[in-house]
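Bear in mind that the values in this text are calculations on the coordinates, not laboratory data. Note that the structure is predicted; figures quoted are calculated from it, not measured. Backbone-built Cβ (ideal geometry, glycine too); neighbour counts: all protein chains shown.
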Amino acid sequence: MLSPMQHLLRGMDMHEAIVGTAVGFGRARSETGIRVQLALDYGRQYGPDTAWRVLDIAQQAMAHGVVAWSIGGNEIGHPPDPFGEVFAAANQAGLRVMAHAGEVVGPSSVWGAVDVLQVERLGHGIRSIDDPKLLNHLCKRGVTLDVCPSSNIWTGATASWQEHPLRRLYDAGVKVTINTDDPTFFHTTLIDEYRKIVTYFGFNADELVTLVRNSVDASFLPVDEKAALLQRIETEISALRRELDV
C-alpha cells in the first residue's frame, strides 16, 4: 500500500517514485522469489476531485506493478459514497478495488464501500460486527476483511483483546485475513499476529490454515498464479502437519 498524497503534497514526481519502488521490488524478487506489487491508497479527506488526478497516475503506472486502487485516510466525516465514479473508472481500467472502512466508523461506512464502491477487500472492517444484516451481505458477496488485530488495539479502534470482534467475524462466516497494518508502528510481525490470535481468540490449527487460504484467495494475483501459489502452500501445510502431528 502506497499513499500517493503524502508524496504529491511534497511536490514529488509520483511516477518516478512508483518506478523506483518497482525496481526495488524486482530486485527483491530476483534475490528471494518474493513478489510484491502496489495498491495506491488515496486519502479520502482530500476529496474525489483530486482523486481523479491520482487515478490517472495509477493507470499510467500499471505497467510498473500497480494492480489496485483504494481509499484510506480519515474515515470520520468522509464516507465512501462520493468516490463511486472514481472507483468505477478504476475498475474499468483493470485495477482491483479495495478500501479502508469500518475501522472506527460503523457499518454505514462498510455498506458504502461494498455497495457503492463495489470493493473486493476491506481494510479492517471490524465494525461490521455491529450489523447482522451486513455480516450476511459480506458472506454472500465474498468480500474479504483484512483484519489487523494489534493495530486495532494500538489505535483504540477496539478497547481490548477481549472486545475485539475477530473471533465473532470468523464464526459468522465472513472471510477474514490476518495482517500487520504497519509492523514498525504497531510493534508486531505477521508471525506475532498469528500467535496472538491463538492466544486471545483460541484459533486452532485448522482455522489458521483457513486464514492462510483466505489470504491466497483474496490476493490480486492472476488466476493461474493464484492456483500455483495455493498448491505450493497446500504442499507445505501437509508437510508441516505431518511434522507436527496436527
Could you grab me the full set of residues in region 110-159 that are more than 18 Å from the chain's Cα centre (by Cα) and either crowded, with 20+ Cβ neighbours inside 10 Å or in a loop (DSSP other than H, G, I, E, B) (or both)? Asp131, Leu134, Gly156, Thr158, Ala159
If you go through region 20-33 one residue at a time, do you hit one that is closer than 26 Å to Glu225 by Cβ, acidic (Asp, Glu), free of Cβ contacts under 8 Å to residues at least 24 places away in the same chain and in a helix (DSSP H, G or I)? yes
Single residue of region 96-109 satisfying the filter (closer than 18 Å to Ala68 by Cβ and without any contact (Cβ under 8 Å) to a residue 40 or more places away in the chain) that is surrounded by the fewest Cβ atoms within 10 Å (Cβ to Cβ): Val97
So, in region 227-242, how many residues would count as being in contact with a helix residue (DSSP H, G or I) (Cβ under 7 Å, 6 or more places away or on another chain) and over 14 Å from Asp217 (Cβ atoms)? 1
So how many residues does region 179-220 have that are crowded, with 16+ Cβ neighbours inside 10 Å and touching a Pro at 6+ places or on another chain (Cβ under 7 Å)? 3
Considering region 34-72, residues that are outside any helix (DSSP H, G or I) and among the small types (Gly, Ala, Ser), and then whichever is nearest to Gly102 (Cα to Cα), we arrive at Gly72
